[in-house]
Structures are given as C-alpha cells and as structure tokens.
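Reviewing the structure listed below.
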Amino acid sequence: MKRPSDRIVTVSNALTLFRVLITPPLVWALETDRMQAAMVMIVLAVLSDFFDGYLARRAHVITNVGKMLDPIADKVIMMGVMIFLIFDPERNFPIFFFLLLAIRDITNAITGTYLMNVRAEIFQSNPSGKLFLSVTSLAIILYVLRFTEVGFWFLMVATVLLLISWYIYLRRYYVEYFKTTPVP
C-alpha cells in the first residue's frame with residue numbers, strides 16, 4: 001500500500017495542475033483585453049493555490065508530487081503573465097524582475113534537485129517564499145489592471161522578499177548538503 005506522500009492522484013494535485021492548464025487561456029484573455037475573464041481566471045488561480053495546500057494538510061495527503069508540482073505551477077502561471085506584461089508596451093513591466101526571478105528559480109531548482117537525489121527528500125516552501133509569492137501576485141494584478149505605478153512599488157517590496165527567500169532557501173540547502181556530505 002502506498003504511503004500518503006507517495007500518492008499522485010489527489011484533489012490537491014488536481015487543483016495544482018489546474019493552475020498550469022489555466023495559464024494559456026489567461027494569457028489569451030489578457031492579449032485580447034478580456035479583463036473580466038482574466039480577473040476570474042486570476043481569482044480561480046489564487047483560490048486553487050490556497051485550497052490545494054489547505055486540502056492536502058487537512059486530509060493528511062501532502063505528497064511528494066504536490067511538493068514538486070506546486071511551485072512549478074505557481075511559476076508557470078506567474079511567468080506566463082509576466083512575459084505578457086513585459087511585451088505589452090502599455091504596462092511596461094520591468095524585465096529585471098523577471099530575470100532575477102528566473103535566476104533564483106533556476107538555482108533553487110538545481111540545488112533542490114541535487115539534494116533530492118542525495119537525501120531523497122523534497123523540501124516544502126518556506127514562509128518567506130509564500131509571502132514573496134503573495135506580494136508578487138498583488139504587484140502582477142496591479143500591472144494587469146494598469147495600475148503600473150502602484151504595482152511598481154509592490155514589485156520593489158517583492159524584490160526584497162525575493163532576495164530574502166532566495167537566501168533562506170540557499171542557506172537551508174547548504175545546511176542540508178553538509179548534513180549528508182562528509183567534510184574532507
């Protein structure tokens with residue numbers, strides 16, 4: 001019998017996958033200026049992000065697949081919308097944030113994958129990462145709604161939170177590495 005952490009098909013994982021699948025229609029709605037549809041999809045994405053974790057904890061089915069898929073789903077939808085906003089001259093989303101986020105996510109993915117192979121464990125997100133994601137989501141929504149000046153200031157706060165969460169992730173990975181690797 002499978003342990004709860006080894007399960008793949010759960011309601012929580014389906015909600016997480018929903019965020020990936022809603023990304024193309026969301027970007028299309030933004031591109032065609034269907035703001036009501038876009039906002040409904042954004043609200044559904046935010047709700048699915050909240051409820052996937054809530055249901056997994058409540059039902060005691062926090063799965064390894066879910067721990068891996070959740071941040072990927074968050075990044076797919078976030079990056080999809082950011083790319084749209086970068087290329088929309090009316091919104092003028094700063095590319096530096098997209099690049100910094102991409103570098104952070106790549107380093108976290110490489111380091112996390114290495115440690116997953118060494119320790120056979122998948123780390124859950126940390127509270128600073130969740131706070132970063134919340135502020136970034138708010139900034140992106142402000143850009144979507146064309147409140148770019150206010151969105152920019154939220155993006156500056158998100159940049160600081162991005163750097164803090166990146167440091168916390170790397171420090172945690174570094175500590176875990178030295179727990180499993182003998183020092184010469």
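Among the residues of segment 155-180, those identified as hydrophobic (A, V, I, L, M, F, W, C) and in contact with a Ser or Thr (Cβ under 8 Å, 6 or more places away or on another chain) are Leu155, Ala158, Leu161, Leu162, Ile164, Trp166, Ile168, Leu170. For segment 144-184, the candidate set comprises residues that are under 16 Å from the mean Cα position of the chain (by Cα) and not β-branched (Val, Ile, Thr); within that set, the residue that is modelled with the lowest pLDDT is Tyr169. With respect to the conditions (1) closer than 26 Å to Met41 by Cα; (2) at pLDDT below 90; (3) of a type in the set (Val, Ile, Thr), Ile110 falls short on a single one, namely (1).
Being closer than 28 Å to Tyr167 by Cα, hydroxyl-bearing (Ser, Thr, Tyr) and touching a Ser or Thr at 6+ places or on another chain (Cβ under 8 Å) is a property that Ser48 has. Search segment 63-94 for residues being surrounded by 17 or more Cβ atoms within 10 Å (Cβ to Cβ) and assigned to a loop (DSSP other than H, G, I, E, B), and hand back the single one that is modelled with the lowest pLDDT. Looking at the filtered set, the residue picked out is Thr63.
Residue-by-condition table, conditions (1) touching an Asp or Glu at 6+ places or on another chain (Cβ under 7 Å); (2) charged (D, E, K, R); (3) part of a helix (DSSP H, G or I); (4) buried (at least 17 other Cβ atoms within 10 Å of the Cβ):
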| residue | (1), (2), (3), (4) |
| --- | --- |
| Ala14 | no, no, yes, no |
| Phe18 | no, no, yes, yes |
| Thr23 | no, no, yes, yes |
| Leu26 | no, no, yes, yes |
| Leu30 | no, no, yes, yes |
| Met39 | no, no, yes, no |
| Ile42 | no, no, yes, yes |
| Asp52 | yes, yes, yes, yes |
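A Cβ distance below 9 Å, combined with a sequence gap of six or more or placement on separate chains, defines the contacts here; from segment 72-95, residues that are over 14 Å from Glu31 (Cβ atoms) reach residues that are crowded, with 17+ Cβ neighbours inside 10 Å and basic (Lys, Arg) in the pairs Ala73/Arg19; Asp74/Arg19; Val76/Arg19; Ile77/Arg19. As a summary of the residue check, Ala120 satisfies the conditions (1) surrounded by 16 or more Cβ atoms within 10 Å (Cβ to Cβ); (2) modelled with pLDDT under 80 except for the one numbered (1).
The values are calculated or read from the model by the stated rules, or taken from the named source; none is laboratory data. Quick caveat: nothing in here was measured; it's all calculated off a predicted structure. Backbone-built Cβ (ideal geometry, glycine too); neighbour counts: all protein chains shown.
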